[in-house]
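J.: Pasting in a structure now, in C-alpha cells, and then I'll have a few things to ask.
The values are calculated or read from the model by the stated rules, or taken from the named source; none is laboratory data. The structure presented is a predicted model; accordingly, all values stated were derived computationally and were not measured. Glycine gets a Cβ as well: all are built from the backbone with ideal geometry, and neighbour counts include every protein chain shown. Please note that ligands, DNA and RNA were not included when accessible areas were found on the heavy atoms of the full protein model with its side chains. Shrake-Rupley method; radii C 1.70, N 1.55, O 1.52, S 1.80 Å.
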Amino acid sequence: MALEQWMMVKRMVQAAAVVLLLASVVGEVRAMTEGAMLASNGPSLVAVTATENEKRHSASGVVIRPREVITSCSLVVGRSGLEVAVDGSRLPATLLVADQEKDLCLLAVAGLAAPPVVRGNSTDLAMQMSVWAVGMRGDVPTVEPGVVTQLRGGKPPLIETTVLGTPETVGRGLFDRQGRCIGITTLFRDGAREAYFAAPVEWLDSLRIADGSGGADKPIHWLKRAVILEEADDWETLREWSRQWSATLPGEAAAWHTLGYSCIVLKDPAGALAAFERTVQINPGDLDGWSNLGYVYTDLNQYLEAIRAYRQVVRINPGDVEGWSNLAVAYQAIGDREAALEAIRELQRLDREKAADLMLYLNGQ
C-alpha cells in the first residue's frame with residue numbers, strides 16, 4: 001500500500017467510527033436523559049404556526065426572554081397569522097426581528113407566561129458530542145437525541161448534527177448534556193437544495209433586521225451555500241464558489257479552508273497548498289487546516305514540510321490520533337526511523353491497535 005493511500009484509509013476508518021458511535025451511544029442517551037430533558041426544558045417550548053394561502057404551517061419555538069420567542073425565519077417570513085400555542089392556549093405573535101442571514105426570527109407574544117430557556121455555550125461543543133433536539137410535535141414536546149457531526153466556521157460555530165431536518169422540525173432547541181440550550185435548529189435553501197443547521201445560541205444577542213438581501217452578501221450565506229455544495233458533491237461549483245468567497249472576504253479562514261478541501265478532491269494539489277497555507281496564516285489554531293496542509297505536502301512528496309504541519313497538529317491537540325499517525329509516516333518517508341518510532345510511542349498511548357497497525361506498515365508487513 002502506498003504511503004498516501006495508507007493515510008487516506010486511516011481517515012476513512014475514523015469517519016466510520018462516527019456512525020458506530022451513533023448506533024451504540026444514542027440509544028443509551030435516550031434511556032437515561034429523555035425524561036429529564038423534557039422536565040427541565042418542556043415549559044420553555046412552544047408551537048409556532050403561520051398562514052400562507054390559507055394553509056397553516058407549524059414548527060417549534062423557544063422562549064428566550066420573557067414574552068419573546070425565537071424560531072426559524074423559514075417558518076414565518078412572508079406569512080401571516082402568527083400564533084404561539086402553549087398549555088392548550090393560542091396567543092397572537094408579532095414579528096420583531098427577521099435575521100434571514102442566520103434564519104432566526106424573534107417574536108413578541110403578549111401574555112406569554114412560559115419561562116425563558118437556560119442558555120449554555122456552543123463553543124464548548126466538540127465533534128461526536130451528544131446533543132438533544134427538543135421541540136414540539138403538534139402540542140406535545142418531544143426529544144430527539146443525536147451527535148455533533150460538524151462545527152463549521154469560527155466561534156461560535158454553525159452546528160451540524162444527526163438530528164432530523166425537515167421544515168416541520170425547525171425552531172427546536174438544541175441542548176447539551178446539562179440540559180442547557182446551545183443552539184436553534186434552522187433551514188437554509190439554495191434553489192431546490194436544502195440544508196439544516198443549528199444556529200449557535202450566541203447569535204440570539206446579535207440579531208439584525210433584514211435588509212432585503214436575504215443575507216446573500218453575508219459571511220454566513222457564503223458558508224451555508226458551501227456546505228450545500230459539499231454535501232451534493234458538486235466540487236467544481238464549490239471550488240469556484242470558494243474562490244469568489246475568499247476574494248470577497250479574504251480574511252475568512254473558512255473560505256480558504258473550503259477552497260483547499262475542494263482542490264484536494266479535484267486533485268489540484270497546487271491550489272490546495274496555496275489555500276491551506278492561507279488558512280493557517282489567518283488562523284494558526286486551525287487543526288484541520290494544518291492536517292490537510294500536511295496531507296497536501298505528503299501528496300507532493302515534500303515530507304519536511306509535511307512534518308512541520310503535523311507537528312503543529314499534535315501541538316494544538318496532543319491527543320490527535322491521526323496527527324501522530326501521519327507524523328510517524330512522514331518521518332519514515334525521510335528515513336528518520338527514531339523520530340517515527342517516537343511518534344508511534346505517543347500514538348500507542350492513545351490507540352494501541354492503530355499503533356500496532358502502523359508499526360506493521362512501517363516494517364513492510
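J.: Students often check this: by mean Cβ neighbours within 10 Å, which of 313-321, 173-181 ranks highest, and how do the rest follow?
T.: In descending order of packing, they fall as 173-181, 313-321.
J.: Measure off 7 Å from each Cα along the Cα-to-Cβ vector at Lys267 and Leu350, then give the distance between these two points in nanometres to one decimal.
T.: 3.0 nm
J.: Round to the nearest 10 and give me the degree value, 0 to 90, for the angle of helix 352-362's Cα axis relative to the longest principal axis of the chain.
T.: Once rounded, one gets 40 degrees.
J.: If you don't mind, there's one more thing I want to ask. Evaluate the distance, in nm, between pseudo-label points positioned 7 Å from the Cα of Met359 and of Asp124 along their respective Cα→Cβ axes.
T.: It works out to 3.9 nm between the two label points.
J.: Go through the cysteines of the chain and tell me which have no other cysteine Cβ under 4.7 Å away.
T.: Cys181, Cys263 - these cysteines have no disulfide-compatible partner (Cβ-Cβ under 4.7 Å) in the chain.
J.: Take the alpha carbon gyration tensor of region 233-305, find the square roots of its eigenvalues, order them as a ≥ b ≥ c, and report rounded if a/c is under 1.5; if not, report prolate when a/b exceeds b/c, else oblate.
T.: oblate
J.: Could you look at the chain and say what percent of its accessible area is carbon and sulfur, using a 1.4 Å probe and all protein chains?
T.: That share works out to 52 percent.
J.: Report, ordered by chain and residue number, the aspartates and glutamates lying within cross-link reach of Lys55, taken as a straight Cα distance under 15 Å and ignoring same-chain residues fewer than 8 apart.
T.: List returned: Glu83, Glu168.
J.: So which of Lys218/Lys267; Lys218/Lys354; Lys224/Lys354; Lys155/Lys267 end up more than 32 Å apart, counting from Cα to Cα?
T.: Going by Cα-Cα distance, Lys218/Lys354; Lys224/Lys354 fall outside the 32 Å limit.
J.: Below 8 Å, C-alpha to C-alpha, sequence gap of six or more: please give me the relative contact order for the chain in percent.
T.: Rounded, it is 11 percent for the chain.
J.: Now a separate question. Subtracting the Cα-Cα distance from 0.36 nm times the residue separation, let me have the gained length for Arg189 to Asp233 in nm, one decimal.
T.: 14.2 nm
J.: Quick check: from the Cα gyration tensor, does region 99-191 come out rounded (a/c under 1.5), prolate or oblate?
T.: Because its axes are fairly even, with a/c under 1.5, region 99-191 counts as rounded.
J.: Rounded, prolate or oblate: which fits region 283-365 when a ≥ b ≥ c are the square roots of the eigenvalues of the alpha-carbon gyration tensor, with rounded for a/c under 1.5 and prolate only if a/b beats b/c?
T.: Verdict is oblate for region 283-365.
J.: Next up: Going by alpha carbons, how many degrees (0 to 90, nearest 10) lie between the helix axis of 337-350 and the longest principal axis of the chain?
T.: The two axes meet at around 30 degrees.
J.: When only the heavy atoms of the protein chains count and the probe is 1.4 Å, how do Lys224, Lys55, Lys218, Lys155 rank by accessible area, highest first?
T.: The residues order as Lys155, Lys55, Lys218, Lys224, largest area first.
J.: Further, regarding this structure: Probe of 1.4 angstrom, ligands and nucleic acids ignored: what's the accessible area per residue over the chain, in square angstrom?
T.: The answer is 46 Å² per residue.
J.: Moving on to the next point. How far, in degrees from 0 to 90, does helix 269-282 lean away from the longest principal axis of the Cα atoms of the chain, to the nearest 10?
T.: Value to nearest ten degrees: 60.
J.: Using a 1.4 Å probe, how large is the accessible area of Trp324, given in Å² and rounded to the nearest 10?
T.: Here the residue's solvent-accessible area equals roughly 30 Å².
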